[in-house]
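Engineer: Got a structure for you, written out below as structure tokens; questions coming shortly.
The values are calculated or read from the model by the stated rules, or taken from the named source; none is laboratory data. Keep in mind it's a predicted model, so treat the numbers as computed, not measured. As a convention, Cβ positions derive from the backbone with ideal geometry for all residues, glycine included, and neighbour counts pool all protein chains shown. Just so you know, the surface numbers come from the protein's heavy atoms only, side chains and all, with ligands and any DNA or RNA stripped out. Shrake-Rupley method; radii C 1.70, N 1.55, O 1.52, S 1.80 Å.
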Amino acid sequence: ERESAYWHAAAAVAGNVEALATLGGCVRRGVGAELDEAAGLDIITACAAAGSPVGLVKLGVCHEDGDLPGKPADAQRAAALFESAASVWVGGEPPSESESESEASPPPRRRSALALFQHGFAQVYGIGTRRDVEAG
């Protein structure tokens, strides 16, 4: 567990916002890092505000589980955050129709698998959103 927090911290220092959001989760839960729920939540919230898919998903899970101090569980807010996370292209805007895979600049532009899963799961099971098995 310490190794995970260490490497996520190293990646965060190098500018990786996804790693910073993951580190926020480690701090929030005390997994591989000193437990500080408020600081971990602040990190996650800042990453979500910056548009990080991992930050948006982690904040969505907090809303879904009712883990935000003084706030009840809110599946609709969670579903909205999952949808926002799933719409973010990591590494830039989506590739244009005229670009081939080999022309994409490194790192390749993609969507977050974690965000797509959370958004699809909410749709398939109608958690905080209209149930839509086809879309999910």
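Engineer: Among the residues of segment 21-54, which ones are among the aliphatic types (A, V, I, L, M) and within 23 Å of A79 (Cβ to Cβ)?
Structural biologist: A21, L41, I43, I44, A46, A48, A49, A50, V54
Engineer: Of the conditions (1) at pLDDT 95 or above; (2) in contact with a Gly (Cβ under 7 Å, 6 or more places away or on another chain), G136 satisfies every one except a single condition; which number is it?
Structural biologist: With respect to (1) at pLDDT 95 or above; (2) in contact with a Gly (Cβ under 7 Å, 6 or more places away or on another chain), G136 is out only on (1).
Engineer: Moving on to the next point. So is V61 open to solvent by 30 Å² or more (accessible area, probe 1.4 Å) and among the β-branched types (V, I, T) or not?
Structural biologist: yes
Engineer: Just checking, how many residues over segment 19-50 are in a helix (DSSP H, G or I), closer than 20 Å to G91 by Cβ and open to solvent by 50 Å² or more (accessible area, probe 1.4 Å)?
Structural biologist: 2
Engineer: Could I ask something else about it? Could you run through segment 51-74 and say how many residues are closer than 11 Å to S112 by Cβ and either in a helix (DSSP H, G or I) or touching a residue at least 40 places away in the same chain (Cβ under 8 Å) (or both)?
Structural biologist: Matching residues across segment 51-74 total 5.
Engineer: Count, please, the residues in segment 113-136 that happen to be part of a helix (DSSP H, G or I) and aliphatic (A, V, I, L, M). Can you show your working first?
Structural biologist: Of segment 113-136, the ones part of a helix (DSSP H, G or I) are 113-125.
Narrowing the set further to residues that are aliphatic (A, V, I, L, M) leaves 113-116, 122, 124.
Result for segment 113-136: 6.
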